[in-house]
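*Asks:* Okay, here's the structure, questions in a sec.
The values are calculated or read from the model by the stated rules, or taken from the named source; none is laboratory data. In this text, all values refer to a predicted model and were calculated from it rather than measured experimentally. Neighbour counts are summed over all protein chains in view; Cβ atoms, including those assigned to glycine, are modelled from backbone coordinates with ideal geometry.
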Amino acid sequence: MDSIAKLVLKRVGMGLVTLIVISLVFFVGVEALPGDLAEEILGQNALPETVEAFRKELKLDLPPHVRYFSWLGGFMKGDFGNSLANGRPIADLIGWRLSNTLFLALSAAAIAVPISIILGILAALYRNSLFDRAISMATLSTISFPEFFVAYILMALLSVQLIIFPSISNINDQMSLAEKLHAIFLPCLTLTLVVMAHMMRQTRAAIINILASPYIEMAKLKGLRRLRIIVLHAFPNALSPVINVVALNLAYLVVGAVIIEVVFVYPGLGQLLVDSVSKRDIPVVQASGLIFATVYITLNLAADVLSIVSNPRLRNPR
Amino acid sequence: MFKLLNQSPISARIGLAIVVINIVAALFAPLIAPFGETEVVGDVWLPMSFDHLLGTDQLGRDLFTRILYGARNTIAIAFVTTLLSFVVGIVGGFLAATLKGWTDLALSRIVDVMMAIPILIFALTVLSVVGTSMVALILVIALLDSTRVYRLSRAVAMDIEALDFVEAARLRGEKIWWLMRHEILPNAMPPLVAEFGLRFCFVFLFIAALSFLGLGIQPPTADWGSMVRENAGAITFGIFIPLWPAGAIAFLTVGVNLIVDWFLHVASGLKD
């Protein structure tokens, strides 16, 4: 048990260091770029006094390390400063949108994870059959198709031809859960399709990998049924790579939602990020970028930790 | 070469045909296209007809023409970006593998951090600061993508670097650039070529996604990603114009992936 704790602690420590370095990257990256933020925003015709006043307002007159720590300190407390575009506190803009993005990602995960694990097991069970081939075709197409292509095809089919689901996923707090789920059905389905193939393939590969080992041979020779071998003997040992790929795909879902949110005009964090980039509202970009990076890194960290913990060889050390 | 082509499976041939069609469209766009790249030729969102094979776009430009010119711009930019990313990644990876020590440590840690940030978020943040010019776009994506190339070329070069002929060249007193160019690079070619196909697909899709978000290639340059964005509104009227450029993107990436699959299969020496 001790070695596991050590491994996990080491990994978490590394994750924390990465997070700190990344917050520095986001800060210094904006800092080190040529030109002055204030001049950039106000344009070349701005009076020197205006630029000076604006620099004060943005606290650009303070030395960089002071600004970094006050920015990071604010970030920890949930105070991200004000948006340049409309002067509102960024925290107000972000909070609701972040929960929307997570809601969308989690709904997609709730559908995609069980289906892809089951289909992956079935594909391993019926290797090289028509079903298996269909799955590898589907994988090829989902890695080749841009997300918005899948999204627009679904939109054309399900909201234009058959008018079942809305093409614009507008949600607000007054809606009931069922109404919300109906509104986000299309983006949710798109995300599900995009991540499912990858998870299926990993599950299939992990199980097939294990099917080659001697203890499975033994189980086969004992005359056990194939389904029983796969579910009770192979799957527990394949759990570690499967959990890993699920967590990685959750990370992908949160970030991959950016494009889907734009397609379906969904009020999520990704949409905010894209809008702010085109408006060059740098503080909002910094804050939402750092939040995305944090979620992504945390989920990747969770993937590693879970795969350490769920690895039977590490759990029962000799 | 021809023998290899004769033995190729049907999927690889389809892939090859797709890529050739795209390259021809890209090279000869001005000759094939019936109209000019930004020429307004009719009403908005006209349906398919003999005059306008795929109809017209949101400003009344011929969609078929735009797709042909789009092939030119989109593929060329993705290709240049991938090439740049490979030059940076391979030089970095080979340097790390041959010099080892601090160079390796420093480069690898930088790459670790860059890879920990989701590439889309990183690119969006950088583009928000430097602006969305074509040069900035190519440089930013090439640099971000080179981290993946670095990992592969470092791993491959590490293996080759340990072999006797490299040691012999080293004892001969060859310089580091000579070692990288004449000893390591030729032996590292097969995995790098396959990776080039995959990275090209990734970069191509990534630029398309950025253009779709309105942050990549800027109008009026014809580009598949921005064409989807500009025409997106049509779909709610039951006009499926945005599916053409989006489909063109999917078509090319499927083609490249089919070839890469086959190449990996041949390179790994597996027989059916």
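*Asks:* Given (1) over 27 Å from the mean Cα position of the chain (by Cα); (2) modelled with pLDDT of 75 or more, identify the lone condition not met by B:Ala29.
*Replies:* With respect to (1) over 27 Å from the mean Cα position of the chain (by Cα); (2) modelled with pLDDT of 75 or more, B:Ala29 is out only on (1).
*Asks:* Which ones in segment A:232-274 are touching a Pro at 6+ places or on another chain (Cβ under 9 Å) and over 29 Å from B:Thr132 (Cα atoms)?
*Replies:* A:Pro236, A:Asn237, A:Leu239, A:Ser240
*Asks:* Right, another one. Just to be sure, is B:Ala106 more than 8 Å from chain A (Cβ to nearest Cβ), in a helix (DSSP H, G or I) and in contact (Cβ under 8 Å) with a residue 40 or more places away in the chain? Full working, then the answer.
*Replies:* Details: more than 8 Å from chain A (Cβ to nearest Cβ): yes; in a helix (DSSP H, G or I): yes; in contact (Cβ under 8 Å) with a residue 40 or more places away in the chain: no.
Answer is no for this residue.
*Asks:* For segment B:24-40, check the following and say yes or no: at least one residue is in a loop (DSSP other than H, G, I, E, B), touching a Pro at 6+ places or on another chain (Cβ under 7 Å) and on the phi < 0 side of the Ramachandran plot.
*Replies:* Within segment B:24-40, one or more residues are in a loop (DSSP other than H, G, I, E, B), touching a Pro at 6+ places or on another chain (Cβ under 7 Å) and on the phi < 0 side of the Ramachandran plot.
*Asks:* Turning to a different aspect of this structure: Name the helices (runs of 4 or more DSSP H) wholly inside segment B:160-250 in which the number of residues that are surrounded by fewer than 16 Cβ atoms within 10 Å (Cβ to Cβ) is 1 or more.
*Replies:* Answer list for segment B:160-250: B:164-172, B:185-212.
*Asks:* From the residues in segment A:124-160 that are touching a Lys or Arg at 6+ places or on another chain (Cβ under 8 Å) and among the hydroxyl-bearing types (Ser, Thr, Tyr), which one is surrounded by the fewest Cβ atoms within 10 Å (Cβ to Cβ)?
*Replies:* A:Ser136
*Asks:* Additional query: Which one of these does B:Ala162 not meet: (1) closer than 22 Å to A:Ser144 by Cα; (2) of a type outside the set (D, E, K, R); (3) at pLDDT below 90?
*Replies:* (1)
*Asks:* Which of the residues belonging to segment A:270-308 are within 10 Å of chain B (Cβ to nearest Cβ), closer than 20 Å to A:Met76 by Cβ, of a type outside the set (Val, Ile, Thr) and touching a residue at least 60 places away in the same chain (Cβ under 8 Å)?
*Replies:* A:Gln286, A:Ser288, A:Gly289, A:Leu290, A:Ala293, A:Leu301
*Asks:* Output yes when any residue across segment A:257-264 is modelled with pLDDT of 80 or more, within 30 Å of B:Met227 (Cβ to Cβ) and not in a helix (DSSP H, G or I), and no when none is.
*Replies:* Yes: one or more hits.
*Asks:* What about A:Ile229, is it at negative phi, crowded, with 22+ Cβ neighbours inside 10 Å and more than 10 Å from every other protein chain (Cβ to nearest Cβ)?
*Replies:* No.
*Asks:* Out of curiosity, is A:Leu273 surrounded by fewer than 17 Cβ atoms within 10 Å (Cβ to Cβ), closer than 26 Å to A:Ala109 by Cβ and in the same structural domain as A:Ala183 (by TED's automatic domain parsing)?
*Replies:* No: the conditions fail for A:Leu273.
*Asks:* Does A:Leu232 satisfy the condition of being more than 22 Å from A:Asp132 (Cα to Cα), over 19 Å from the mean Cα position of the chain (by Cα) and hydrophobic (A, V, I, L, M, F, W, C)? Quick ask: steps written out before the conclusion?
*Replies:* On the way: more than 22 Å from A:Asp132 (Cα to Cα): no; over 19 Å from the mean Cα position of the chain (by Cα): yes; hydrophobic (A, V, I, L, M, F, W, C): yes.
Against the criterion (more than 22 Å from A:Asp132 (Cα to Cα), over 19 Å from the mean Cα position of the chain (by Cα) and hydrophobic (A, V, I, L, M, F, W, C)), A:Leu232 does not qualify.
*Asks:* Only one of A:Leu42, A:Leu72, A:Leu33 is more than 14 Å from chain B (Cβ to nearest Cβ) and modelled with pLDDT under 70; which?
*Replies:* After ruling out the rest, the residue left standing is A:Leu42.
*Asks:* Another question, then. Any residue at all in segment B:134-150 that is loosely packed, with under 14 Cβ neighbours inside 10 Å, out of contact with any Pro (no Cβ under 6 Å at 6 or more places or on another chain), closer than 24 Å to A:Val28 by Cβ and not aromatic (Phe, Trp, Tyr)?
*Replies:* yes
Let's see how each residue does on (1) within 12 Å of chain B (Cβ to nearest Cβ); (2) among the hydroxyl-bearing types (Ser, Thr, Tyr); (3) in contact with an Asp or Glu (Cβ under 8 Å, 6 or more places away or on another chain):
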residue: A:Ala134; (1), (2), (3): no, no, no
residue: A:Phe148; (1), (2), (3): yes, no, no
residue: A:Tyr152; (1), (2), (3): yes, yes, no
residue: A:Ala156; (1), (2), (3): yes, no, no
residue: A:Asn172; (1), (2), (3): no, no, no
residue: A:Ala178; (1), (2), (3): no, no, no
residue: A:Thr190; (1), (2), (3): no, yes, yes
residue: A:Ser213; (1), (2), (3): no, yes, no
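*Asks:* Would you mention how many residues in segment A:72-89 are among the aliphatic types (A, V, I, L, M) and in a loop (DSSP other than H, G, I, E, B)?
*Replies:* Of the residues in segment A:72-89, 2 are among the aliphatic types (A, V, I, L, M) and in a loop (DSSP other than H, G, I, E, B).
*Asks:* Among the candidates A:Ser240, A:Ser278, which residue alone is in the same structural domain as A:Ile216 (by TED's automatic domain parsing), among the polar types (S, T, N, Q), closer than 19 Å to A:Thr101 by Cβ and surrounded by fewer than 23 Cβ atoms within 10 Å (Cβ to Cβ)?
*Replies:* Criteria check complete, one pass: A:Ser278.
*Asks:* Considering every residue within segment B:1-17, establish whether at least one is at pLDDT 80 or above, surrounded by 14 or more Cβ atoms within 10 Å (Cβ to Cβ) and out of contact with any helix residue (DSSP H, G or I) (no Cβ under 7 Å at 6 or more places or on another chain).
*Replies:* Yes.
*Asks:* Moving on. For segment A:284-318, enumerate the residues that are touching a Phe, Trp or Tyr at 6+ places or on another chain (Cβ under 7 Å) and either modelled with pLDDT under 80 or not hydrophobic (A, V, I, L, M, F, W, C) (or both).
*Replies:* Once the filter is applied, which keeps residues that are touching a Phe, Trp or Tyr at 6+ places or on another chain (Cβ under 7 Å) and either modelled with pLDDT under 80 or not hydrophobic (A, V, I, L, M, F, W, C) (or both), segment A:284-318 yields A:Gln286, A:Gly289.
*Asks:* Only one residue in B:Ala169, B:Ala188, B:Ala232, B:Ala248 is over 19 Å from B:Val88 (Cα atoms) and either more than 11 Å from every other protein chain (Cβ to nearest Cβ) or in contact with a Gly (Cβ under 6 Å, 6 or more places away or on another chain) (or both), so which one is that?
*Replies:* Unique residue meeting the criteria: B:Ala169.
*Asks:* Looking for whichever is within 14 Å of chain A (Cβ to nearest Cβ) and polar (S, T, N, Q) here; the options are B:Thr74, B:Thr98. Which one fits?
*Replies:* B:Thr74
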